[in-house]
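See below for the structure under consideration.
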Amino acid sequence: MKEQFYLKHIVGVIGKDVSSNPSVAVYNAGFASIGLDDWHCITLPVLDGCLEGATQGLKAFVTMRGLNCFAPYTIEIMKYLDVVSDSAKLHGAANVITDFGNYTVGDNTDGEAFMMSLKADAIDVRGRKVVVLGAGGTARAICVELGLAGVAGITVVNRSRARAEELLALLRENTDVAASYAEWNGTYTVPEETDIVINATPVGLYPKADDMPDVALDSIGQTMFVQDIIPCPLETALIRVMRRRGVSCATGGKMLVNQAALNIKKWSGMEPNITAMYDALEKASS
Ligand code: NDP
């Protein structure tokens, strides 16, 4: 009888609300683009209070190669890893976990992926004034990268002061950027001198796709650039309104694809085809 071999290399997309996260389609297109036909991505929502068990469990599965971690776990997961890379320490969050069998390593590719997407849209951040909505794990990675890239200033707009203060402390520790906190209590008015506005909150994420960050839309001027990081839907309500008003803006799609491509390289050592991955994202989102 012909030998049968059913094992595949498995990677998982974890998070709390990941049931509609299109990463699975993006990863599987990435694997196929480089002939990794025995690699497969699955979505693994993690129950509240179970992140430690899920992270430790990774080592028990022979065929699991890694995890891509999403909200709200990218900060907490660092406690449960055997090794936290310099990049994850710098960004204060880990979005990619590699399973080496008897130990796990957490890394950060969100920051690099975000900067790659700005570059692809020809956005030069040097000397720009940036407003970042949100202060979670992804905002941390974004703000650190912006600080290192030489922005003129960052205003972190967040409901919880404590979380924003942790982000400001991370920025002070790792960058020279001038950063401040703005309380998000009611509708936020974007200061006139702002160049770039980034939505790094989950507001607008499917299934609450009609939600918009509570920002005075008429305070977002025609000269500003708006970056949403929500990957699903690809065109959020915020982006739809910005496009209608002729404000230059970008979706979270490129960032999602870039970080998935960086993660595939980390797990397999191979560079997938980014265009094939983006096409898969658009198809999954249509
Ligand atoms: P976290 O849970 O770590 O942080 C969420 C942040 O958003 C907190 O600062 C929280 O504020 C704020 N927030 C949550 N709900 C609201 C609300 N209704 N109004 C105002 N602020 C709110 O999440 P992450 O930072 O990890 O992820 C955020 C989003 O980024 C996710 O939706 C995810 O889909 C997206 N993402 C996209 C990626 C991409 O590649 N495109 C990659 C990674 C994430 P508070 O502290 O006050 O609670």
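Count of the range 179-200 residues, restricted to those that are under 23 Å from the mean Cα position of the chain (by Cα), surrounded by fewer than 21 Cβ atoms within 10 Å (Cβ to Cβ) and assigned to a loop (DSSP other than H, G, I, E, B), is 2.
Table: residues versus (1) open to solvent by less than 50 Å² (accessible area, probe 1.4 Å); (2) aromatic (Phe, Trp, Tyr); (3) more than 19 Å from ILE14 (Cα to Cα); (4) at pLDDT below 95.
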| site | (1), (2), (3), (4) |
| --- | --- |
| ILE220 | yes, no, yes, no |
| GLN227 | yes, no, yes, no |
| ARG243 | no, no, yes, no |
| GLY253 | yes, no, no, no |
| ALA260 | yes, no, no, no |
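Taking the criterion of being under 18 Å from the mean Cα position of the chain (by Cα) and either at pLDDT below 95 or in a helix (DSSP H, G or I) (or both), the residues of the range 149-169 that qualify are ARG163, ALA164, LEU167. Looking across the range 224-252, the residues that are part of a strand (DSSP E or B) and farther than 18 Å from THR138 by Cα come down to PHE225, SER248, CYS249. Going through (1) under 18 Å from LYS119 (Cα atoms); (2) free of Cβ contacts under 8 Å to residues at least 60 places away in the same chain one by one, ARG240 falls short only on (1).
Return yes when LEU168 is hydrophobic (A, V, I, L, M, F, W, C) and free of Cβ contacts under 8 Å to residues at least 24 places away in the same chain and no when it is not.
Working: hydrophobic (A, V, I, L, M, F, W, C): yes; free of Cβ contacts under 8 Å to residues at least 24 places away in the same chain: yes.
Taking the combined requirement at face value, the residue satisfies it.
Filtering VAL83, VAL125, VAL105, VAL151 for residues that are more than 16 Å from the ligand (Cβ to nearest atom) and free of Cβ contacts under 8 Å to residues at least 24 places away in the same chain leaves a single hit, VAL83. Does the range 48-57 contain any residue that is at pLDDT below 95, part of a helix (DSSP H, G or I) and open to solvent by less than 40 Å² (accessible area, probe 1.4 Å)? Yes, the range 48-57 has at least one match.
Might you let me know whether the range 166-173 holds any residue that is over 26 Å from VAL96 (Cβ atoms) and surrounded by fewer than 16 Cβ atoms within 10 Å (Cβ to Cβ)? So that I can check it myself, show each step before the final result.
We begin by selecting, within the range 166-173, every residue over 26 Å from VAL96 (Cβ atoms); these are none.
Looking through the range 166-173, none of the residues is over 26 Å from VAL96 (Cβ atoms) and surrounded by fewer than 16 Cβ atoms within 10 Å (Cβ to Cβ).
Taken over the range 262-273, the criterion of being buried (at least 18 other Cβ atoms within 10 Å of the Cβ) and farther than 19 Å from GLY106 by Cα is satisfied by PRO272 alone.
The values are calculated or read from the model by the stated rules, or taken from the named source; none is laboratory data. In this text, all values refer to a predicted model and were calculated from it rather than measured experimentally. Because the Cβ atoms are built from the backbone with ideal geometry, glycine has one as well, and the counts that use them run over all protein chains shown. Accessible surface is based on the protein model in full, side chains and every heavy atom, while ligands, DNA and RNA are left aside. Shrake-Rupley method; radii C 1.70, N 1.55, O 1.52, S 1.80 Å.
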